[in-house]
1. Give the residues of the stretch 149-180 that are under 11 Å from the mean Cα position of the chain (by Cα) and either closer than 18 Å to SER53 by Cβ or not hydroxyl-bearing (Ser, Thr, Tyr) (or both), sorted by residue number.
2. May I ask you to list pairs of residues, at least six apart or on different chains, whose Cβ atoms are under 8 Å apart, with the first in the stretch 59-73 being in the same structural domain as ARG115 (by TED's automatic domain parsing) and the second being β-branched (Val, Ile, Thr)?
3. Which one is farthest from ASP42 (Cα to Cα) among residues in the stretch 123-164 that are among the hydroxyl-bearing types (Ser, Thr, Tyr) and surrounded by 13 or more Cβ atoms within 10 Å (Cβ to Cβ)?
4. Quick one: ARG187 ticks every box in (1) without any contact (Cβ under 8 Å) to a residue 24 or more places away in the chain; (2) on the phi > 0 side of the Ramachandran plot bar one, so which box is it?
5. Among the residues of the stretch 175-187, are any assigned to a loop (DSSP other than H, G, I, E, B) and either in contact with a Pro (Cβ under 7 Å, 6 or more places away or on another chain) or over 25 Å from GLY302 (Cα atoms) (or both)?
6. With respect to ARG115, is the statement that it is assigned by TED's automatic domain parsing to the domain that holds LYS191, over 24 Å from ALA193 (Cβ atoms) and either at pLDDT 95 or above or exposed (fewer than 13 other Cβ atoms within 10 Å of the Cβ) (or both) true?
7. Looking only at the stretch 63-106, filter to residues that are hydroxyl-bearing (Ser, Thr, Tyr), under 29 Å from ASP133 (Cα atoms) and within 40 Å of the chain's Cα centre (by Cα); which one of those is surrounded by the fewest Cβ atoms within 10 Å (Cβ to Cβ)?
8. Would it be correct to say that TRP170 is out of contact with any Gly (no Cβ under 8 Å at 6 or more places or on another chain), modelled with pLDDT under 95 and part of a loop (DSSP other than H, G, I, E, B)?
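The values are calculated or read from the model by the stated rules, or taken from the named source; none is laboratory data. On a predicted model such as this, the values are computed, not experimentally measured, just so you know. All Cβ positions, glycine included, derive from the backbone under ideal geometry; neighbour counts span all protein chains shown.
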Amino acid sequence: MINREIIRIKIVQLTYAYYQNGNKNIDSAEKELFFSLSKAYDLYNYMLALIVSITKEARRQIEIVQSRARREGTDMPSQKFAYNRFALQLEENKMLNDFIETQKKTWDNEIEFVRKLYKQITESQIYKDYMADTDDSYAADRELWRKIYRTLIQENEELDALLEEQSLYWNDDKEIVDTFVLKTIKRFDEKNAAKQELLPEYDSEEDRDYARKLFRATIMNADEYQRYMSEASHNWDFNRLAYMDIVIMQIALAEIMTFPTIPISVTINEFVDIAKLYSTPRSGGYINGMLDAIARHLIQTGRLMKHMDEPRNKRDKAKEDNGNEANSYETADESENNEQNKQ
């Protein structure tokens with residue numbers, strides 16, 4: 001589940017923190033990196049467990065309504081949602097139950113939120129359509145939860161705030177984790193019963209090695225990479241660049257120099273996207289131009305044994321959106337000063 005997108009983001013966060021921390025211990029920082037990655041996997045399991053908790057609440061509510069119906073002699077309520085076959089299969093899932101048992105992480109302490117979310121679900125059109133549908137199949141049960149997750153769980157500000165209170169690591173993880181939860185729902189097969197496999201923490205040992213090598217290369221070769229950046233910045237005062245930009249470019253250069261099988265264009269695209277999320281509004285275009293120029297120079301001087309692909313649509317769009325940022329970059333401080341001067 002932990003892919004290179006998550007790893008890159010975590011390394012940006014941890015590298016930035018490493019330089020802000022007075023006690024620079026690379027072994028401790030590496031342990032923190034892998035701990036933060038493990039927390040992303042914890043969130044993946046925790047979000048799957050939320051489906052189970054909602055289903056248990058549905059059964060509890062059904063029992064209350066059934067007792068009332070028996071006393072009053074009224075019609076019994078439908079059990080269709082409370083005994084949704086996909087949710088029951090997930091509740092019995094061996095891997096999920098192992099996680100809950102090992103981590104002692106359930107939604108029992110957040111029962112009020114679970115009940116509120118259950119109420120929102122039962123009031124939704126998705127739920128009403130499902131309950132009225134005559135399609136009584138496992139596929140329909142599974143599709144219901146895919147729709148509920150996308151509509152009421154994936155974009156839920158109250159849930160986001162609750163998760164952030166539980167772990168600061170989860171603040172940036174949920175958006176990516178949501179995609180993996182939806183992927184897992186889609187992959188569930190009724191015939192696999194409790195043995196249905198969830199996504200593993202890492203797809204392969206290679207991804208763990210990638211995280212370790214990229215982080216260590218970033219820190220241990222920092223002076224070399226920053227020299228490349230300084231040389232390529234030409235007329236710009238390198239010391240006045242947004243510090244996060246320097247960190248992002250340093251990590252990108254570590255990936256370009258350390259992993260021969262990763263195309264340069266892929267690395268640049270990925271770190272331009274990260275810059276758009278974590279740095280200044282103009283950073284994406286500037287970093288795109290800088291990394292492109294540095295990579296070409298390293299190839300020309302024989303220090304990098306890779307080739308440059310033709311610019312892809314994604315990078316062309318970044319240049320179009322940002323203009324020629326490599327020649328018109330402003331730091332965050334400069335942008336603020338310019339705005340004040342205009343006013």
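1. Once the filter is applied, which keeps residues that are under 11 Å from the mean Cα position of the chain (by Cα) and either closer than 18 Å to SER53 by Cβ or not hydroxyl-bearing (Ser, Thr, Tyr) (or both), the stretch 149-180 yields TRP170, ASN171, ASP172, ASP173, LYS174, GLU175, ILE176, VAL177, ASP178, PHE180.
2. Close Cβ pairs satisfying both conditions: ARG68/THR74.
3. TYR130
4. ARG187 satisfies all of (1) without any contact (Cβ under 8 Å) to a residue 24 or more places away in the chain; (2) on the phi > 0 side of the Ramachandran plot except (2).
5. Going through the stretch 175-187, the residues assigned to a loop (DSSP other than H, G, I, E, B) turn out to be none.
Within the stretch 175-187 (the criterion being assigned to a loop (DSSP other than H, G, I, E, B) and either in contact with a Pro (Cβ under 7 Å, 6 or more places away or on another chain) or over 25 Å from GLY302 (Cα atoms) (or both)), the answer is no, since none of the residues qualifies.
6. In short, yes.
7. Within the stretch 63-106, the match that is surrounded by the fewest Cβ atoms within 10 Å (Cβ to Cβ) is SER78.
8. Values: out of contact with any Gly (no Cβ under 8 Å at 6 or more places or on another chain): yes; modelled with pLDDT under 95: yes; part of a loop (DSSP other than H, G, I, E, B): no.
Against the criterion (out of contact with any Gly (no Cβ under 8 Å at 6 or more places or on another chain), modelled with pLDDT under 95 and part of a loop (DSSP other than H, G, I, E, B)), TRP170 does not qualify.
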